[in-house]
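Since the structure comes first, as structure tokens, the remarks are kept for the end.
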Amino acid sequence: ALDPNSGVLYTGGGSAAGVSALDTSTCAVRHTFQTASPVYGLVLALPVANLPSDKNAQLWVAGTAGLTIFDTHTGQSLGTVAVPAGPQYLTVPLGTMIYVTTRQGRIDAVNIQTRAVQLLLSGGTFGPMDYDALTGEVYVPDQQHSQLDVLSPLNDGTGTPPKEPERVIRTGTPPEAVAITVDGLLGFVVLQGGKVAMLDLIRRIVVYTVQVGGTPHFVITGLYPPNAIVAPHPSPPQQTANPRSGLILNIVIYGCALLLIAVLIIMLLRLRRQRPGAGSYKPPSRVQ
């Protein structure tokens, strides 16, 4: 997890009981946060975005049986939150809720302020999540059902949570991980078998699939992804579209436009020649 304000990168894993804070300008370890168990996931709750503006950023770490919270400025532990189902992947959209997948097939929401835990969904095998920064919807890969579960945004976690998932996107192949671009237009899904699928989130379809090989498990997008060539006609999620078809369509459109302009010019020239007296004009003779 990267703190955009300080430029510190927080990293941990299953082989050590701790999280290292790395200075991205020098690659030096600034601090090590000791945890009670190996690290399964981590995320940053930031001032303004998730916390009051006068608070320090908080590091939330998923361990064997719960979440441990640290103050990133002082390095002190702020407490723990029990998640008996075994927390794993974490994500935190704008607001006060942290979404947690568990190793026992649950998705929970944890209120950052009250630390109350709500069950949102169960009965799946869930991978690394991401969220749409514009809508607040959370996209969760469900390997067991070969689909993405799209969760409704939660404001403060009070009251009865909405029925989840809000909707699903069928992927045909078990998805490993997902990443959503910040403009909320595209999603990238790692699929089992060494493939990555690009989603058109507006039309809610798979645009095309790329064979990358190997066994990828994670994907991340930059702040400003390049423009993508989308298919001219929607195709079912289990099908893929040729990315060159958009280029071919553009060439055909431009060619037709040029042909239409040429036809209009020829017609105007013919009309001009057919006007009465056209081409027979003579200037008046000079009076002596």
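We did not get these values from a lab; they are worked out from the coordinates using the rules stated. Just so it is clear, the model here is predicted, and its values are computed rather than measured. Using ideal geometry, Cβ is built from the backbone for each residue, glycine included, and neighbour counts are taken over all protein chains shown.
Taking all pairs of distinct Cα atoms, average 1/r, flip it, and tell me the Kirkwood hydrodynamic radius of region 26-66 in Å to one decimal place. Write out the running numbers ahead of the final one.
Details: mean 1/r = 0.0833 Å⁻¹.
When all Cα pairs of region 26-66 are included, the Kirkwood radius is 12.0 Å.
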Can you tell which of 138, 12, 97 lies farthest toward the positive end of the dipole of region 7-165, using +1 and -1 charges on the Cβ of basic and acidic side chains (Lys, Arg; Asp, Glu)?
12
Enumerate the amide H contacts of residue 131 below 5 Å, restricted to partners 5 or more residues apart or on another chain; note that Pro and chain-start residues carry no placed amide H.
139, 180
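Within a Cβ distance under 13 Å of residue 214, other residues only, what is the Lys/Arg minus Asp/Glu net charge? Don't skip to the answer; put the middle values down first.
Details: positive: 195; negative: 176.
Counting the neighbours of residue 214, the net charge comes to 0.
Which order, highest average first, do 198-205, 128-135 follow once you tally other Cβ atoms within 10 Å for each residue and take the mean per peptide?
The peptides rank, most packed first, as 128-135, 198-205.
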For region 214-222, 3J(HN,Hα) per residue [Karplus equation, 6.51 cos²θ - 1.76 cosθ + 1.60, θ = phi - 60°, Hz, x = Gly/Pro]:
x, 10, x, 10, 9, 8, 9, 10, x
Could you work out the relative contact order of region 61-131, using alpha carbon pairs under 8 angstrom and six or more residues apart, expressed as a whole percent?
23 percent
In order over region 11-16: 3J(HN,Hα) from phi, Karplus 6.51/-1.76/1.60, θ = phi - 60°, whole Hz, x for each Gly or Pro, gives 9, x, x, x, 9, 8
